[in-house]
Structures are given as structure tokens and as C-alpha cells.
Amino acid sequence: MKAAVLQFPGSNCDRDMAVALRNSGADVTMVWHKETSLPDGLDVVAVPGGFSYGDYLRCGAIAANSPITQALKAHVERGGYAFGICNGFQVLTEAGLLPGALLRNAGLKYICKTTPLQVATSDSAYTSSYTKGQMIGVPIAHHDGNFTADAHTLDMLEAEDRVAFRYGDNPNGSARDIAGILSANRRVLGMMPHPERAFEAAHGNEDGKGFFDSLVSAVVPA
Amino acid sequence: MKARVNVMLKNGVLDPQGAAVRHALGAMGFDGVNDVRQGKVIELDLADGTSEDTIKSMCEKLLANMVIESYTIEIL
């Protein structure tokens, strides 16, 4: 599996993401935001967490208009896989690649803790190693993770089985406890929790490993 | 020319920051504050003759997130 990790000024989970992907067997290339194209033959693009462009204007808004994001949109339009974690989720919603938006946490505080997460569907390239309904623990670290969308969009996400993860104890006010969602073709995923921070024994928690195992087994080498 | 863009969360979108400001005003003894909505003001210094359509495009592509926010434009 050939993967790229995008790097924006202010990204800070890019190297963790690369380590998780490499240790899962992926061939990883780091791609700077000023690039206008992605490597050839790419299977998956990861948009990492952090504070792209200092979170100025709105989280993810400026990264969503960065040169590399145009190439990411083309990759997704071709049916390529892409996922965004934390700030990466914010970038994907701002870029219009996923519906909804992430507002300031309902409690107004930055929250950094391991949170219980329910796998809401196992029908995706990111969640197939889990069983539907399985509870896992994955760290969150965000100030703006309060997922919102209009009622019609929320109904559609649920009806199409596009909620990937739900919070066990909603920490941030997200609509219908949603922690992660999928695109209509199920190949684009965004989530606020960080599976790359719960990947190996040294992290004290390996519950995020299934995310990467799913991806590697789902994506057939190009 | 200058233009001022006011960006507000749409009605119905929860505004936790506005709610916190309302609580603070109440705690300070300001009675009768029913609601507070917090937005952004963005001032643009533009080439003369920039059309309002161009400014609208700036708003919809970057300055406001149309999923959760609305905007108004004032030409100064």
C-alpha cells in the first residue's frame, strides 16, 4: 500500500501518522502543502492532526485551500482513499470532501484524554478489523471537535451507515455522539480521535491498531 | 476601497462562546441579557472597483463556512 501524509505549517501528528502507517506495512511519502501533485500510484492520503496555519480564521479553513488540497480533491474524485484525523477531519469538512463542520467544544475547553469509542460500522476500509458495536478507547486532543450538520444530513449519514465511530460519553457536544464519518463512497473518513496515538504497546493502548490493519488489508496494492 | 465582512453563526447553530459570554454578563450583574451571539468582523483593503460579486466569492470560498455561518458585506 502506497500512502502519503500531508504536511501543513502547524501539522504536529504527521510523523506519528507516518510511523503508524509504516509499521502497518505501508510505503509512506511525506508531502509538503505547497506541492501541486501527489506521488503517482498512490492508494491512500492521510491528513494529519495539528494546527494547520495556526487554526487561523477557522480550523482547517486555510489548509482546505492549500495547493496540495486541490490534488487531494482530484485523488478523491478518482475514487482514491483519504482520511483525516483531528485537524485533518476539519480540513476534509472545510474542503467539502465530507459533510458537516466542527464547532468549538460545547464545554469550551480543550480536551486531551482517552475516550471510549463505539465502532458504529465495520463496513469500511478503516473499520473492517473491528466488529460493529465494539467499544475501544482512543485518545482525543482537540478544542474544536463538536460535530454539527443539519438534521437532514445527520439523518442521511445514519440511514447510509456512514457514521464510523460514536463517542461512548460525548465529550464535546457532537450531534448524535458522532466522532467519525464516511463519504458516500465510503473511501473518505474523518474522525476527531487519534488512532495513531493508540497503536503500539509503548502507547499503553493498542486499540487504534485495528484502524491501520483494516486499511492495509482493504487496500489492494496498486 | 474597503469592505467589512461580518460573519455570524447561522440561527439554530449552537454558539458555546456566545453562551459563555451571556453567563459572564449575568454573573457580573447585567440583568436581562437574553442571548449573546459571537461572530467575526473581517476588514478588507481592496483594489478600487472590486465587485461585490468578487467579495461574495471570497466569503463563500474562504471567509465564511456556509455549512454553519452566514455573512454580510458592507462597502465602506
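The values are calculated or read from the model by the stated rules, or taken from the named source; none is laboratory data. For clarity, every value in this text was computed on a predicted model and none was experimentally measured. So basically every Cβ, Gly included, is an ideal-geometry build from the backbone, and we count neighbours across all protein chains shown.
Mind checking whether some residue in region A:47-60 is modelled with pLDDT of 95 or more, closer than 16 Å to residue A:29 by Cα and touching a helix residue (DSSP H, G or I) at 6+ places or on another chain (Cβ under 6 Å)? The answer is yes, given that some residue of region A:47-60 is modelled with pLDDT of 95 or more, closer than 16 Å to residue A:29 by Cα and touching a helix residue (DSSP H, G or I) at 6+ places or on another chain (Cβ under 6 Å). Of all residues in region A:105-117, those being at the interface with chain B (Cβ under 9 Å from one of its Cβ atoms) and out of contact with any strand residue (DSSP E or B) (no Cβ under 6 Å at 6 or more places or on another chain) number 2. Restricting attention to region A:182-218, the residues that are touching a Lys or Arg at 6+ places or on another chain (Cβ under 9 Å) and either assigned to a loop (DSSP other than H, G, I, E, B) or among the hydrophobic types (A, V, I, L, M, F, W, C) (or both) total 9.
Return the total of residues in region A:1-25 being touching a helix residue (DSSP H, G or I) at 6+ places or on another chain (Cβ under 9 Å), of a type outside the set (A, V, I, L, M, F, W, C) and closer than 17 Å to residue A:68 by Cα. Of the residues in region A:1-25, 4 are touching a helix residue (DSSP H, G or I) at 6+ places or on another chain (Cβ under 9 Å), of a type outside the set (A, V, I, L, M, F, W, C) and closer than 17 Å to residue A:68 by Cα.
The requirement of being within 12 Å of chain B (Cβ to nearest Cβ), touching a residue at least 60 places away in the same chain (Cβ under 8 Å) and surrounded by fewer than 22 Cβ atoms within 10 Å (Cβ to Cβ) is not satisfied by residue A:65.
For region A:144-181, the candidate set comprises residues that are in a loop (DSSP other than H, G, I, E, B), free of Cβ contacts under 8 Å to residues at least 60 places away in the same chain and not small (Gly, Ala, Ser); within that set, the residue that is surrounded by the fewest Cβ atoms within 10 Å (Cβ to Cβ) is A:169.
Those strands (runs of 3 or more DSSP E) of chain B in which at least 3 residues are farther than 23 Å from residue A:99 by Cα and away from every other protein chain (no Cβ under 14 Å), considering only elements entirely within it, cover B:2-9, B:69-75.
Residue A:130 - would you say it is in contact with a Leu (Cβ under 8 Å, 6 or more places away or on another chain) and assigned to a loop (DSSP other than H, G, I, E, B)? No: the conditions fail for residue A:130. Inspect region A:87-101 for any residue being within 14 Å of another protein chain (Cβ to nearest Cβ), surrounded by 21 or more Cβ atoms within 10 Å (Cβ to Cβ), assigned to a strand (DSSP E or B) and modelled with pLDDT of 95 or more and give the result as yes or no. Yes, because at least one residue in region A:87-101 is within 14 Å of another protein chain (Cβ to nearest Cβ), surrounded by 21 or more Cβ atoms within 10 Å (Cβ to Cβ), assigned to a strand (DSSP E or B) and modelled with pLDDT of 95 or more. Does residue A:138 satisfy being crowded, with 23+ Cβ neighbours inside 10 Å and assigned to a strand (DSSP E or B)? Answer is yes for this residue.
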